[in-house]
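Enquirer: This is the structure I want to talk about, given as structure tokens.
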Amino acid sequence: MQFRKALRPRVQSGEITLSVRIWQSPRVKVGGRYRLGGGSVEIDEVREIGLDAVSPEMARESGFEGLVDLFKTAKHGAGNRVFVVRFHYVPG
């Protein structure tokens, strides 16, 4: 699971523990670990939601100022399904 360079320190510090992704299908699985810096991100929850369920609070919790900023980054490829991914950082 990749994050914008500006978000990585906040993920590693534990400040960011949620990500909203727009994919064709889930790209991560619960319990999976994905390398980030000297450690990894471990996935706690993956759930699909409707686009209208994404809130400004979720955007802020994901490290963005608002929905517009979040949606500019959240879409990956031709995906149109919205997934909320909760995770925690595990130091190396």
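Enquirer: Let me spell it out: the conditions are (1) over 11 Å from the mean Cα position of the chain (by Cα); (2) open to solvent by 70 Å² or more (accessible area, probe 1.4 Å), and Gly79 meets all of them except one. Which number is the exception?
Expert: That leaves (2) as the condition not met.
Enquirer: Just for the range 1-16: of the residues that are assigned to a loop (DSSP other than H, G, I, E, B) and among the basic types (Lys, Arg), which one is surrounded by the most Cβ atoms within 10 Å (Cβ to Cβ)?
Expert: Arg4
Enquirer: The conditions are (1) among the hydrophobic types (A, V, I, L, M, F, W, C); (2) touching an Asp or Glu at 6+ places or on another chain (Cβ under 7 Å); (3) open to solvent by less than 40 Å² (accessible area, probe 1.4 Å), and Ile22 fails exactly one of them. Which is it?
Expert: Going through (1) among the hydrophobic types (A, V, I, L, M, F, W, C); (2) touching an Asp or Glu at 6+ places or on another chain (Cβ under 7 Å); (3) open to solvent by less than 40 Å² (accessible area, probe 1.4 Å) one by one, Ile22 breaks only (2).
Enquirer: Quick check, is Leu70 under 13 Å from the mean Cα position of the chain (by Cα) and of a type outside the set (Asp, Glu)?
Expert: Here the answer is yes, as Leu70 does meet what is asked.
Enquirer: Residue by residue through the range 3-35, note down the ones that are over 21 Å from Glu57 (Cα atoms) and touching a residue at least 12 places away in the same chain (Cβ under 8 Å).
Expert: Gln24, Ser25, Pro26, Arg27, Val28, Lys29, Val30, Gly31, Arg33, Tyr34
Enquirer: Looking at (1) free of Cβ contacts under 8 Å to residues at least 12 places away in the same chain; (2) surrounded by 14 or more Cβ atoms within 10 Å (Cβ to Cβ); (3) in contact with a helix residue (DSSP H, G or I) (Cβ under 8 Å, 6 or more places away or on another chain), which is the only condition Pro56 fails?
Expert: Of everything listed in (1) free of Cβ contacts under 8 Å to residues at least 12 places away in the same chain; (2) surrounded by 14 or more Cβ atoms within 10 Å (Cβ to Cβ); (3) in contact with a helix residue (DSSP H, G or I) (Cβ under 8 Å, 6 or more places away or on another chain), Pro56 misses just condition (2).
Enquirer: Among the residues in the range 31-48, are any closer than 19 Å to Gln12 by Cα, over 13 Å from the mean Cα position of the chain (by Cα) and among the polar types (S, T, N, Q)?
Expert: Checked against the condition, which is being closer than 19 Å to Gln12 by Cα, over 13 Å from the mean Cα position of the chain (by Cα) and among the polar types (S, T, N, Q), the range 31-48 yields at least one hit.
The values are calculated or read from the model by the stated rules, or taken from the named source; none is laboratory data. Owing to the predicted nature of the structure, the values given are computational and were not obtained by experimental measurement. So basically every Cβ, Gly included, is an ideal-geometry build from the backbone, and we count neighbours across all protein chains shown. To get the accessible areas, we keep the full protein, side chains included, count just its heavy atoms, and leave off ligands, DNA and RNA. Shrake-Rupley method; radii C 1.70, N 1.55, O 1.52, S 1.80 Å.
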